[in-house]
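Throughout, read-outs are computed from the coordinates displayed, never taken from laboratory work. Everything numeric in this text was worked out from a predicted model, so none of it was measured. Here the Cβ positions follow ideal geometry from the backbone for every residue, glycine too, while neighbour counts run over all protein chains shown.
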Amino acid sequence: MAPRYAPSLRSRLGPLLLFLQTGFILIYAFYFEIQENVVDEASFRDAYAEFQDVNVMVVLGFGFLCTFLVRHGFSSSGFNLLVAAIATQWALMLTGLESWYDRGKIPLDLRSVLVAEMCAASALISMGAVMGKANPVQLVLLALLEVSGFVLNEQLLQGLLKVRPLKGIMLLHIFGAFFGLTLTWILYRKGSERGFEKEKFDQKPGLFSMLGSVFLWMFWPTFNSVLVDDRFPGRKLGAVYSTYLALAVSAVTAASVSVLSSPRGKLNLIQMQSCILAGGVAVGVSMSAVHQPWEAMAIGFAAAVLSATGFKYLKSHMLLAFHCHDTAAILSTHGLPGLLGWFAHLILQIKDSGDPTVAIRFAVFHICTLLVTITVSLTMGTLTGFLLRLNVWRPPQNRKCFDDQAFWEFPHLAVRK
């Protein structure tokens, strides 16, 4: 007979977090230095405003996005903050290894923190696939390994294919989606097809989840434009305009598809909150090739249709056919729009190229970029999945999945002896 209560994490979570944080403090003490040579006050204000936007997306946007589960709101928002904090610190170290090798120190400035938070976002995307079925120890290990894989993928793309850093980072949606799907496939639990007892939705949690989507929708233009070179303000503004138009079109299209795909002709809040972001994902991946407003709007329209259709039909088929229980539908929210953006980038770049030889060469390198990203993502996801399957991490039993009481204190529900 299975135990009544979820396994205690006192002997695992507490020591692990203390060990990691103590190690991070020591590393930062010896190898990091703050860059204080700010150009001017106006430049600092602009950079800090962009940092705030991205920080709101990572902490509030992703944090509230997965709170649609009735009994998993504490865990969705709380574990998101925990993973984001650890993953960002870890990403700062990994992305600064080259500077440490050259100079013996890793410079710390707003741009490096922004890059680290965007690397951490890939782990938050993957976390959505296993949300409710993994304990915080497993999520912390997931963050460390995925950020390592994502930084490795960036280095491979820049070293082998000479991909610019911005393009490499914007592949975080594809990387995170395939990493998460591989993870949930390996961590498959028997009986998932019948659904978990506490995997339910309700109005109040759905409202908080929609709030997370609104935060992401509002600040996504900054997310896509923040790493564009400041020496070309026209490109940065173009990225902002393109992202906003794609998001606006995807919001309208998602509402339309939601109504059309409903037997009773009603809007589905959970479906919409994921699909309204599809345009931002797709145009972010294809941003450097989008030069006209109609191109961004067309990409947003196609992304919303693909995402809404995938949410409605593909999520259940992935579970039945491939045993991939995707809790937060990251495939339809990030994976499919990311692949669409990659394909749109290819088509637009070939269209604008006047030389067939240059077009063919770009197509080969573009395809290799996707293949390398998916290969690294699947490989790291497989390794992480087999590591997290070990019983030493004490994963929750099926009856304790999607339940905050397994990890959080509720004094009013305590059994008094």
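Remarks
- Our Cα-only numbers for the range 288-396 put the radius of gyration and Dmax at 18.0, 58 Å.
- Built amide H within the under 5 Å cut-off of I106, gap 5+: F32, E33
- Ordered from longest to shortest, the equivalent ellipsoid semi-axes for the range 81-211 are 32, 16, 14 Å, each the square root of 5 times a Cα gyration tensor eigenvalue.
- Simple Cβ-charge dipole of the range 293-417, Lys/Arg +1 and Asp/Glu -1, about Cα centre, in debye nearest 20: 660
- Its Cα gyration tensor gives the range 115-169 an equivalent ellipsoid; the semi-axes, largest first and in whole Å, are 25, 10, 8.
- Chain lengthening between N398 and R10 when straightened (0.36 nm per residue, less Cα-Cα): 137.6 nm
- Here the label points at Y241 and V259, each 7 Å from Cα along the C-beta direction, are separated by 3.0 nm in the simple model.
- A Cα-only calculation for the range 1-133 places Rg and Dmax at 17.8, 66 Å.
- Annotation: extensible slack from F19 through Y313 equals 101.5 nm (criterion: 0.36 nm per residue apart, minus Cα-Cα distance).
- 16 Å reach of a label modelled at E197, 7 Å along Cα-to-Cβ, counting backbone N of the range 383-409: 396-407
- The calculated FRET efficiency for I27 paired with L383, based on their beta-carbon distance and R0 = 22 Å, is about 0.40.
- Shown for the range 77-130 is the translational diffusion coefficient from the Stokes-Einstein equation, using the Kirkwood radius over Cα pairs, a temperature of 10 °C and a viscosity of 1.306 mPa s: 136 µm²/s.
- Multiplying the residue separation of R231 and E36 by 0.36 nm and removing their Cα-Cα distance gives an extension gain of 68.2 nm.
- Packing-based ranking, highest mean first, of 204-217, 273-286, 72-85, 245-258 given that Cβ atoms within 10 Å are counted: 273-286, 245-258, 72-85, 204-217
- Percent of Cα-Cα distances greater than 17 Å, calculated over the range 271-339: 40
- Label point of F410 set 7 angstrom out along Cα-Cβ; within the range 167-202, amide nitrogens under 14 Å from it belong to 198-200.
- Restricting the calculation to alpha carbons of the range 167-252 gives Rg and Dmax of 18.1, 55 angstrom.
- In order through the range 57-71: 3J(HN,Hα) via Karplus (6.51 cos²θ - 1.76 cosθ + 1.60), integer Hz, x for Gly, Pro: 4, 5, 7, 8, x, 5, x, 7, 4, 9, 8, 6, 6, 4, 10
- Here r is the Cβ-Cβ distance between F74 and R111 and R0 is 45 Å; the resulting FRET efficiency, rounded to 0.05, is 0.85.
- Positive-pole candidate from H291, T243, H345, dipole of the range 237-362, charges at beta carbon: T243
- Built from the Cα atoms of the chain, the convex hull projects on average onto 22.6 nm², one quarter of its surface area.
- Restricting attention to the range 116-221, the count of lysine pairs at 8 or more positions apart or across chains with alpha carbons under 23 Å apart stands at 6.
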